[in-house]
Amino acid sequence: MAKGKKLYEGKAKVLYEGPEPDTLIQYFKDDATAFNAEKKDTIDGKGALNNRLSEFFMNGLTQIGVPNHFIKRLNMREQLIRSCEIVPLEVIVRNYAAGSMSKRLGIEEGTQLPRPIVEFSYKDDSLGDPLVPEEYIIAFNWASQQDLDDILALALRVNDYLSGVMYGVGIKLIDFKIEIGRVWEGDFMRLIVADEISPDSCRLWDIETGQKLDKDVFRRDLGNLTDAYTEVARRLGVLPANVAPATKPTIVH
Ligand code: AIR
């Protein structure tokens, strides 16, 4: 499919004009960054895995009636998506303490939270995506109170879906981040799940061993990231063909 103009390049993905109005092509790069791009690397196969995994999760959400941007996968690295206006928030849902929550509150990673907790960060790399209270969101008009109520409901549905799918393959969903977009249908504005859902945007721990199967493997130098993502894809039955081998040939003396 013919790609149009490059519209936006982020840390892990590129967006191009799509073939029809209101569509975009989302290209998944092999680049990995962490700590607001202080740490960077290229990881063979990551883009193809995230393309497949995001397709799998978005299709699952469509099946249960959670609106999202996914239209269809085009090839190993590209998918056709609905264009939308991104709400400038990172919507984070946590089931167990980890990462920045553990650091901020001194709660041991892996501690189950009393209930799923939804938090919002303001999406701005130059500020390091700071955590913001709902009051800021409304006062600065990043979203209305009605939008926030709808976003909360969407986020919790995504959480129930993802937690269940993961539990079914022996993986605990610790937390995840989603982004929300606005689409207009006539005068009516609708909020949809956008961006991606992949091990780049979730924390996934093996239920039995606690092994990390997400981007923390890269952030914390815990081993081979492609192996971890391949394991998630394998368990879900969505292993892409032709992913670059995780282990490079080694010279044996
Ligand atoms: N996340 C937040 N910004 C970018 C990403 N990918 C995700 C992390 C983690 C969750 O949001 O991957 O799953 C919470 O991150 P943190 O660092 O706030 O604990």
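What follows draws every value from the coordinates through simple rules; no lab data is involved. Predicted model only: the values in this text are computed from it and were never measured. Here the Cβ positions follow ideal geometry from the backbone for every residue, glycine too, while neighbour counts run over all protein chains shown.
The GNM of the chain, with springs linking C-alpha atoms under 10 angstrom apart, assigns the highest mean-square fluctuation among Tyr27, Tyr122, Tyr136 to Tyr136.
For Cα pairs less than 8 Å apart in space and 6+ apart in sequence, what is the mean separation divided by the residue count of the stretch 85-206, i.e. the relative contact order in percent?
Once divided by the residue count of the stretch 85-206, the mean separation gives 29 percent.
Over the chain, what relative contact order in percent results from Cα pairs under 8 Å that are six or more residues apart? Averaging sequence separation for qualifying contacts and normalising by length gives 18 percent for the chain. Arranged from fewest to most other beta-carbon atoms within 10 Å of their beta carbon, Trp142, Trp184 become Trp184, Trp142.
What FRET efficiency would be calculated for the residue pair Leu105, Lys39, taking the C-beta separation as r and a Förster radius of 30 Å, to the nearest 0.05? Spell out each step's value before the answer.
On the way: r = 24 Å, r/R0 = 0.80.
Efficiency for this residue pair is about 0.80.
Between Glu134 and Asp160, what FRET efficiency follows from the Cβ-Cβ distance if R0 is 30 Å, with the result rounded to 0.05? Efficiency, from the Cβ-Cβ distance: 0.90.
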